[in-house]
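The values are calculated or read from the model by the stated rules, or taken from the named source; none is laboratory data. Only a predicted model underlies this, so the values are computations on that prediction, with no experimental measurement involved. Cβ coordinates were reconstructed from backbone atoms using ideal geometry, including for glycine residues, and neighbour counts include every protein chain displayed. Side chains included, ligands, DNA and RNA excluded: accessible areas come from the protein's heavy atoms. Shrake-Rupley method; radii C 1.70, N 1.55, O 1.52, S 1.80 Å.
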Amino acid sequence: MHPQDVIQAYYDAFNGGDMDAFLALLTEDVAHDINQGERQVGKAAFADFMAHMNRCYRERLEDLVILPHADGERAAAEFVVHGEYLTTDEGLPEARGQRYVLPAGAFFTLRDGKVARISNYYNLTDWLAQVANA
């Protein structure tokens with residue numbers, strides 16, 4: 001599968017809430033760099049992370065632009081997160097159903113037609129301001 005197709009399928013599965021299809025696009029040893037956080041390794045850790053995120057947030061990614069590298073092993077994506085803060089996440093402000101819109105990006109390493117690394121980036125200060133003022 002072409003890198004563009006892998007990443008498109010990844011975001012389509014995310015937006016569709018199809019966690020089985022989403023996780024099927026990851027290598028068993030996937031490295032996940034969490035924005036302003038730690039690196040987690042393994043599909044099981046990624047599945048746990050997504051279960052937590054889906055409990056606390058409802059998000060849809062729009063205006064997706066995928067930028068595959070010619071080597072076929074790396075790519076980047078830029079998108080806008082449209083979300084709702086559902087349940088208070090530990091160490092963050094209280095959730096009251098606040099809505100937010102947040103530009104974001106991700107960097108990928110691909111191996112054998114699957115995502116072997118994803119590093120997500122967004123402006124946490126912007127998100128905090130949006131949920132505090134909503």
task = With a cut-off of at most 13 other beta carbons within 10 Å, and DSSP calling the residue loop, which trypsin sites (Lys or Arg not before Pro) in segment 28-134 qualify? Please list them.
result = 96
ask   = At a 1.4 Å probe, what is the % contribution of carbon and sulfur to the accessible area of the chain?
value = 51
query = Suppose R0 equals 22 Å; then what is the FRET efficiency for residue 109 and residue 44 from their Cβ-Cβ distance, rounded to the nearest 0.05?
reply = 0.70
Average accessible surface area per residue within the chain, 1.4 Å rolling probe, Å² = 54
key: Reciprocal mean inverse distance between Cα atoms of the chain - Kirkwood radius, Å   = 15.3
query = Based on DSSP H assignment, which helices of the chain show an axial Cα extent of at least 27 Å together with a mean Kyte-Doolittle hydropathy greater than or equal to 1.6?
reply = none
In segment 55-134, the GluC sites (Glu not before Pro) that fall in loop regions by DSSP, at most 15 other Cβ within 10 Å = 73, 90, 94
